[in-house]
(Lines give C-alpha, C1' and ligand atoms only; values in the text may rest on other atoms or scores of the structure.)
Protein backbone atom coordinates (compact mmCIF):
# COMPACT_ATOMS: atom_id res chain seq x y z
CA UNK A 1 0.00 0.00 0.00
CA UNK A 2 2.94 2.31 0.62
CA UNK A 3 3.98 2.12 -3.05
CA UNK A 4 0.43 3.06 -4.07
CA UNK A 5 0.55 6.00 -1.65
CA UNK A 6 3.78 7.19 -3.35
CA UNK A 7 2.12 6.79 -6.74
CA UNK A 8 -0.79 8.94 -5.55
CA UNK A 9 1.62 11.59 -4.28
CA UNK A 10 3.37 11.72 -7.65
CA UNK A 11 0.01 11.90 -9.43
CA UNK A 12 -1.03 14.72 -7.08
CA UNK A 13 2.14 16.65 -7.94
CA UNK A 14 1.42 16.35 -11.65
CA UNK A 15 -2.23 17.26 -11.09
CA UNK A 16 -1.26 20.28 -9.00
CA UNK A 17 1.05 21.65 -11.70
CA UNK A 18 -1.60 20.95 -14.35
CA UNK A 19 -4.28 22.72 -12.32
CA UNK A 20 -2.01 25.73 -11.84
CA UNK A 21 -1.28 25.95 -15.58
CA UNK A 22 -4.94 25.51 -16.51
CA UNK A 23 -5.98 28.16 -13.99
CA UNK A 24 -3.46 30.56 -15.54
CA UNK A 25 -4.78 29.72 -19.00
CA UNK A 26 -8.37 30.31 -17.86
CA UNK A 27 -7.35 33.64 -16.37
CA UNK A 28 -5.67 34.69 -19.62
CA UNK A 29 -8.78 33.61 -21.54
CA UNK A 30 -11.05 35.61 -19.26
CA UNK A 31 -8.80 38.65 -19.52
CA UNK A 32 -8.82 38.27 -23.31
CA UNK A 33 -12.63 38.17 -23.29
CA UNK A 34 -12.61 41.49 -21.45
CA UNK A 35 -10.07 42.82 -23.99
CA UNK A 36 -7.48 43.27 -21.22
CA UNK A 37 -5.04 40.93 -22.98
CA UNK A 38 -4.51 40.63 -26.74
CA UNK A 39 -5.30 37.02 -27.63
CA UNK A 40 -6.98 36.51 -30.99
CA UNK A 41 -7.05 33.38 -33.10
CA UNK A 42 -5.99 33.58 -36.73
CA UNK A 43 -8.72 34.26 -39.26
CA UNK A 44 -12.42 34.80 -38.87
CA UNK A 45 -14.31 37.89 -37.85
CA UNK A 46 -14.54 39.44 -34.39
CA UNK A 47 -17.67 37.44 -33.50
CA UNK A 48 -16.00 34.12 -34.39
CA UNK A 49 -12.83 35.05 -32.47
CA UNK A 50 -14.87 35.88 -29.38
CA UNK A 51 -16.73 32.57 -29.57
CA UNK A 52 -13.45 30.70 -30.01
CA UNK A 53 -11.86 32.37 -26.96
CA UNK A 54 -14.97 31.63 -24.92
CA UNK A 55 -15.02 28.01 -26.04
CA UNK A 56 -11.36 27.47 -25.21
CA UNK A 57 -11.75 29.21 -21.85
CA UNK A 58 -14.82 27.11 -21.02
CA UNK A 59 -13.13 23.85 -22.02
CA UNK A 60 -10.07 24.80 -19.95
CA UNK A 61 -12.26 25.59 -16.96
CA UNK A 62 -14.15 22.28 -17.28
CA UNK A 63 -10.85 20.38 -17.43
CA UNK A 64 -9.61 22.36 -14.43
CA UNK A 65 -12.69 21.34 -12.42
CA UNK A 66 -12.25 17.66 -13.35
CA UNK A 67 -8.57 17.67 -12.41
CA UNK A 68 -9.34 19.45 -9.14
CA UNK A 69 -11.94 16.82 -8.24
CA UNK A 70 -9.40 14.05 -8.90
CA UNK A 71 -6.78 15.93 -6.87
CA UNK A 72 -9.15 16.32 -3.91
CA UNK A 73 -10.12 12.63 -4.13
CA UNK A 74 -6.45 11.58 -4.14
CA UNK A 75 -5.57 13.87 -1.21
CA UNK A 76 -8.49 12.43 0.72
CA UNK A 77 -7.33 8.89 -0.06
CA UNK A 78 -3.78 9.63 1.09
CA UNK A 79 -5.05 10.74 4.51
CA UNK A 80 -7.61 7.94 4.99
CA UNK A 81 -6.40 4.33 4.73
CA UNK A 82 -9.91 3.01 4.04
CA UNK A 83 -10.42 5.37 1.09
CA UNK A 84 -6.96 4.53 -0.19
CA UNK A 85 -7.73 0.80 -0.19
CA UNK A 86 -11.04 1.44 -1.94
CA UNK A 87 -9.29 3.54 -4.60
CA UNK A 88 -6.57 0.89 -5.00
CA UNK A 89 -9.13 -1.89 -5.50
CA UNK A 90 -11.02 0.25 -8.03
CA UNK A 91 -7.82 1.02 -9.97
CA UNK A 92 -6.56 -2.58 -9.97
CA UNK A 93 -9.82 -4.50 -10.49
CA UNK A 94 -9.24 -7.01 -13.30
CA UNK A 95 -12.74 -6.70 -14.72
CA UNK A 96 -12.52 -2.90 -14.86
CA UNK A 97 -9.11 -3.09 -16.53
CA UNK A 98 -10.41 -5.57 -19.12
CA UNK A 99 -13.47 -3.42 -19.87
CA UNK A 100 -11.28 -0.33 -20.29
CA UNK A 101 -8.86 -2.19 -22.55
CA UNK A 102 -11.66 -3.54 -24.73
CA UNK A 103 -13.36 -0.14 -24.92
CA UNK A 104 -10.11 1.58 -25.89
CA UNK A 105 -9.39 -1.00 -28.59
CA UNK A 106 -12.90 -0.67 -30.04
CA UNK A 107 -12.68 3.13 -29.87
CA UNK A 108 -9.32 3.10 -31.63
CA UNK A 109 -10.61 0.85 -34.41
CA UNK A 110 -13.73 2.99 -34.79
CA UNK A 111 -11.67 6.19 -34.95
CA UNK A 112 -9.44 4.72 -37.65
CA UNK A 113 -12.36 3.61 -39.80
CA UNK A 114 -14.50 6.71 -39.27
CA UNK A 115 -11.45 8.94 -39.73
CA UNK A 116 -10.77 7.44 -43.15
CA UNK A 117 -14.41 7.91 -44.12
CA UNK A 118 -14.32 11.50 -42.85
CA UNK A 119 -11.09 12.18 -44.81
CA UNK A 120 -12.72 10.89 -47.99
CA UNK A 121 -15.84 12.99 -47.50
CA UNK A 122 -13.90 16.09 -46.44
CA UNK A 123 -11.78 15.80 -49.59
CA UNK A 124 -14.78 16.93 -51.62
CA UNK A 125 -15.13 20.10 -49.56
CA UNK A 126 -11.67 21.18 -48.35
CA UNK A 127 -8.36 19.51 -49.12
CA UNK A 128 -6.53 20.86 -46.02
CA UNK A 129 -9.19 19.43 -43.70
CA UNK A 130 -9.04 16.10 -45.51
CA UNK A 131 -5.25 15.91 -45.25
CA UNK A 132 -5.36 16.90 -41.57
CA UNK A 133 -7.81 14.11 -40.78
CA UNK A 134 -5.69 11.71 -42.81
CA UNK A 135 -2.57 12.76 -40.87
CA UNK A 136 -4.39 12.12 -37.55
CA UNK A 137 -5.49 8.68 -38.74
CA UNK A 138 -1.96 7.91 -39.92
CA UNK A 139 -0.43 9.04 -36.61
CA UNK A 140 -2.91 6.92 -34.61
CA UNK A 141 -2.26 3.88 -36.77
CA UNK A 142 1.52 4.27 -36.31
CA UNK A 143 1.03 4.58 -32.53
CA UNK A 144 -1.15 1.46 -32.50
CA UNK A 145 1.51 -0.52 -34.37
CA UNK A 146 4.31 0.71 -32.12
CA UNK A 147 2.41 -0.13 -28.94
CA UNK A 148 1.44 -3.51 -30.35
CA UNK A 149 5.11 -4.28 -31.01
CA UNK A 150 6.04 -3.06 -27.53
CA UNK A 151 3.47 -5.24 -25.80
CA UNK A 152 4.33 -8.27 -27.96
CA UNK A 153 7.89 -8.03 -26.67
CA UNK A 154 6.74 -7.31 -23.10
CA UNK A 155 4.44 -10.35 -22.78
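Computed values, structure above
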read-out	value
Criterion (under 23 Å from residue 15 (Cα atoms), over 21 Å from the mean Cα position of the chain (by Cα) and surrounded by fewer than 13 Cβ atoms within 10 Å (Cβ to Cβ)) met by exactly one of 79, 95	79
The lone exception for residue 70 - which of (1) free of Cβ contacts under 8 Å to residues at least 12 places away in the same chain; (2) within 24 Å of the chain's Cα centre (by Cα) it fails	(1)
Residues satisfying the stated conditions in region 97-155, i.e. within 30 Å of residue 87 (Cα to Cα) and touching a residue at least 12 places away in the same chain (Cβ under 8 Å)	108, 144
Of residues in region 28-48 being assigned to a helix (DSSP H, G or I) and in contact with a helix residue (DSSP H, G or I) (Cβ under 9 Å, 6 or more places away or on another chain), the one modelled with the lowest pLDDT	33
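The values are calculated or read from the model by the stated rules, or taken from the named source; none is laboratory data. Computed from a predicted structure; not experimentally measured. Glycine also receives a Cβ, built like all others from the backbone with ideal geometry; neighbour counts cover every protein chain displayed.
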